[in-house]
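Before any comments, here is the structure.
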Amino acid sequence: MHSRGTTITSCVVSVTFMLGAFRPSVETRQMVLTEADFAAAMEEIDYVTGDAELHIDAKYWGDLGTDTDALKSLLEQVQTFWIAREVQGAVDFIEQALAATATLSRASATEDDDQASQAFADLKSTCRSCHREFRERTEDGGYRIKPGG
């Protein structure tokens with residue numbers, strides 16, 4: 001025979017489990033960017049990385065932390081874009097960029113100048129590699145996704 005407290009606890013646990021089972025994944029909750037939104041996200045990443053570089057040089061660790069938060073969010077949006085397009089090479093680059101951003105965030109938290117500089121260099125290198133493979137310059141000076149990407 002169950003006590004009233006045990007029955008209530010069992011119901012709460014069951015409902016909590018069921019709600020968790022039906023919760024949409026991060027990928028389904030996050031809207032997939034259009035190509036125009038993707039281009040805007042790329043521009044924003046460019047601005048934020050410029051700010052991050054300045055904040056590393058000036059040792060403005062709190063501002064760098066804000067930059068890494070913004071970069072993480074933007075990169076996750078870009079990751080969803082490439083996952084939806086099923087371009088594994090680009091997804092791999094984004095994972096590398098997210099790892100470098102996480103390292104940069106930790107460097108900001110610990111105010112580690114050397115780690116921040118290395119993580120930033122890794123991030124920029126990853127971005128350049130991805131751009132070389134998946135983006136190209138347009139006649140008007142902008143960028144677009146290469147055909148097939």
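Here residue 115 meets each of (1) crowded, with 16+ Cβ neighbours inside 10 Å; (2) more than 19 Å from residue 36 (Cα to Cα); (3) of a type in the set (S, T, N, Q) with one exception, condition (1). The residues of segment 88-128 that are over 17 Å from residue 57 (Cβ atoms) and of a type in the set (Lys, Arg), listed by number, are 106, 128. Is there a residue being touching an Asp or Glu at 6+ places or on another chain (Cβ under 7 Å) and either hydrophobic (A, V, I, L, M, F, W, C) or in contact (Cβ under 8 Å) with a residue 24 or more places away in the chain (or both) anywhere in segment 131-140? No; the residues of segment 131-140 include none that is touching an Asp or Glu at 6+ places or on another chain (Cβ under 7 Å) and either hydrophobic (A, V, I, L, M, F, W, C) or in contact (Cβ under 8 Å) with a residue 24 or more places away in the chain (or both). Residue count for segment 123-139 satisfying the condition of being open to solvent by 70 Å² or more (accessible area, probe 1.4 Å) and either closer than 18 Å to residue 76 by Cα or outside any helix (DSSP H, G or I) (or both): 3.
Would you mind stating whether residue 62 is at pLDDT below 95 and surrounded by fewer than 16 Cβ atoms within 10 Å (Cβ to Cβ)? The answer is no for residue 62.
Working carefully through the options 126, 101, 110, 80, find the one that is of a type in the set (Ser, Thr, Tyr) and farther than 19 Å from residue 48 by Cβ. Walk me through it before giving the result.
On the way: 126 fails: farther than 19 Å from residue 48 by Cβ; 101 fails: farther than 19 Å from residue 48 by Cβ; 80 fails: farther than 19 Å from residue 48 by Cβ.
Of 126, 101, 110, 80, the one residue that is of a type in the set (Ser, Thr, Tyr) and farther than 19 Å from residue 48 by Cβ is 110.
Every listed requirement among (1) open to solvent by 90 Å² or more (accessible area, probe 1.4 Å); (2) at pLDDT 95 or above is met by residue 23 save one, (2).
Per-residue answers, yes or no, for (1) modelled with pLDDT of 95 or more; (2) touching a helix residue (DSSP H, G or I) at 6+ places or on another chain (Cβ under 7 Å); (3) open to solvent by 50 Å² or more (accessible area, probe 1.4 Å):
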residue: 36; (1), (2), (3): no, no, yes
residue: 41; (1), (2), (3): yes, yes, no
residue: 48; (1), (2), (3): yes, yes, no
residue: 53; (1), (2), (3): yes, yes, yes
residue: 89; (1), (2), (3): yes, yes, no
residue: 102; (1), (2), (3): yes, no, no
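Contact map, segment 33-56: residues that are touching a residue at least 40 places away in the same chain (Cβ under 8 Å) paired with residues that are aromatic (Phe, Trp, Tyr) and open to solvent by 70 Å² or more (accessible area, probe 1.4 Å), Cβ distance under 9 Å, separation 6+ or inter-chain. Pairs shown: 39/143; 42/143.
The values are calculated or read from the model by the stated rules, or taken from the named source; none is laboratory data. Everything numeric in this text was worked out from a predicted model, so none of it was measured. Cβ: placed from backbone, ideal geometry, glycine included. Neighbour counts: every protein chain shown. Accessible surface is based on the protein model in full, side chains and every heavy atom, while ligands, DNA and RNA are left aside. Shrake-Rupley method; radii C 1.70, N 1.55, O 1.52, S 1.80 Å.
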